Amino acid sequence: MFVGTFEHALDDKGRLVLPSTFRARLAGGGILSPYQGCLALWTEPDFRGFVDRLGDKVRERAANPDALRALLANAADVRPDSQGRIAIAPRLRQTYDIAGAVVLNGAGDHVELWKPASWDTVLGAGTQDLADAIATLGIF
């Protein structure tokens with residue numbers, strides 16, 4: 001499971017150092033894809049599960065096939081180098097405004113990559129959502 005939040009910076013070649021706590025699960029590589037306003041880094045089995053679930057929704061006509069096309073067309077195989085860096089394709093960096101500092105947060109079955117200002121907004125809303133969920137859903 002991926003957990004924690006880390007801030008790292010892209011180098012001048014568009015490479016990002018993965019936090020050491022994420023490297024073991026991603027040593028064999030992963031899939032970088034768009035996901036809810038950020039980039040997500042998945043292990044291949046977890047990405048395959050995500051694609052399968054979305055494909056099921058397309059077949060049920062609950063999701064448009066273009067969603068699956070967009071996901072797969074914008075996904076990229078990545079493999080950490082010997083220093084634990086992954087290269088982020090220029091089109092993905094541009095689309096998600098990833099430059100300089102990047103926030104990486106563990107999101108259970110994947111890692112999310114955010115522009116710091118966007119992450120601050122998401123985290124602020126999510127903190128309140130968590131408090132509301134705990135208070136109203138009887139989780140604890």
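Key figures
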quantity	calculated
Residue, nearest to the chain's Cα centre (by Cα), within the range 1-23, restricted to residues that are hydrophobic (A, V, I, L, M, F, W, C) and under 17 Å from residue 42 (Cα atoms)	2
Neighbours by Cβ (under 9 Å, 6+ apart or cross-chain): first from the range 1-15, of a type in the set (Lys, Arg); second part of a strand (DSSP E or B)	13/85; 13/87; 15/85; 15/86; 15/87
Residue check for residue 78: surrounded by 18 or more Cβ atoms within 10 Å (Cβ to Cβ) and touching a Phe, Trp or Tyr at 6+ places or on another chain (Cβ under 6 Å)	no
Qualifying position, being within 13 Å of the chain's Cα centre (by Cα) and of a type in the set (Asp, Glu), among 109, 52	109
From the options 32, 72, residue that is farther than 25 Å from residue 119 by Cβ and in contact with a strand residue (DSSP E or B) (Cβ under 9 Å, 6 or more places away or on another chain)	72
Residue check, residue 84 touching a strand residue (DSSP E or B) at 6+ places or on another chain (Cβ under 7 Å) and over 14 Å from residue 19 (Cβ atoms)	no
Extreme residue, nearest to the chain's Cα centre (by Cα), among residues of the range 88-105 that are among the polar types (S, T, N, Q) and surrounded by fewer than 18 Cβ atoms within 10 Å (Cβ to Cβ)	95
Residues being acidic (Asp, Glu) and within 17 Å of residue 41 (Cα to Cα) - total across the range 51-106	4
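Where a number appears in this text, it was derived from the coordinates with a stated rule and is not lab data. No experiment lies behind these values; they were computed from the predicted model shown. All Cβ positions, glycine included, derive from the backbone under ideal geometry; neighbour counts span all protein chains shown.
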